[in-house]
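Q: Please see the structure below; I have some questions.
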Amino acid sequence: MITHPFKAAGAFLRAFPLVLSKELRLFILAPLLANFILVGLLYMVAFSYFQTLMDSAMGYLPEWISFLNWLFYLIFAAIISVLLFYSFSVGVNILAAPFMAFLAEKVEEKETGKVFDESLNTSVIMAIIGRSLQRECQKILYFLPRFILLLLLSFIPLVNVITPVLLLLFSAWMLSLQYMDYAFDNNKVKFHDMRMALRSKPLLCWTFGAIVMVGLTIPFFNLFVMPIAVVAATLLWISVFRSEHGDFSALLDRTDGTF
């Protein structure tokens, strides 16, 4: 467990040359284009509606607590900013999910020699797209109630002291869940089983998510974080989870398809 943070950091270092390799460029261009478009849309929406949303939210406050307007302004600003950012992230992830699934497949094929599908015909592509979108919906349903609970805790005295730390840990966990999922899904690991596997390696997941989080704060570089994170996550699947938990897809083939 002590070496897990180093494994996560090492996976990112190994991911850089793979992302730039000729075989993977095609699967990176499409999500990058989606990033550019959605970043532009996000800033347009943020600048156009942010102040309107703030004024609307502040309008619900009673006059007798007007002396705390500055505090509620900060709280509402943080909530609206998080919602706008999350909306952007959801949009990018849904749009890019099929391409990220293809990217994870190609990385695993390149590193292990495993062949998922010899030819990408229409039926195979549609199946991957459908499966990817279904997993994105599962992530959203997993994220929302936990995020709302953490927001509610931020209003409770004393408890709200540790809420920022919990939010950071949860954000790192969700980023790890998001990008690790592509390799797990390609190998037919159910969403619940993937979460159990990741939960057994908390330091690995938190370190991975923290690295992604830092990368997202760096201007321009944040546009390239998604494919780099997917490649790094696939390398971790190969070196840690696939070796320790076995080939899930092979296990499924030997059973009745349940796990």
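All of the numbers you see were taken from the coordinates with simple rules; none came from a lab. Because the structure is predicted, anything quoted here is derived from the model rather than measured. Note that each Cβ is placed from the backbone with ideal geometry, even for glycine, and that neighbours are counted across all protein chains shown.
Q: May I ask which of LYS110/LYS201; LYS106/LYS201; LYS114/LYS190; LYS110/LYS188; LYS114/LYS139 have a Cα-Cα span longer than 23 Å here?
A: Working: LYS110/LYS201 25 Å; LYS106/LYS201 25 Å; LYS114/LYS190 20 Å; LYS110/LYS188 19 Å; LYS114/LYS139 27 Å.
Pairs exceeding the cut-off: LYS110/LYS201; LYS106/LYS201; LYS114/LYS139.
Q: Arranged from highest to lowest average of other beta-carbon atoms within 10 Å per residue, in what order do the peptides 167-178, 211-222 appear? Don't skip to the end; give the middle numbers.
A: Numbers: 167-178: 19.8, 211-222: 14.0.
Going by the mean number of other Cβ atoms within 10 Å, highest first, we get 167-178, 211-222.
Q: Sticking with this structure for a sec: Just add up the charged neighbours of LEU18: K/R +1, D/E -1, any other residue whose Cβ is under 10 Å from the Cβ of LEU18.
A: Details: positive: ARG14, LYS106, LYS110; negative: GLU23, GLU111.
Net charge in that neighbourhood comes out at +1.
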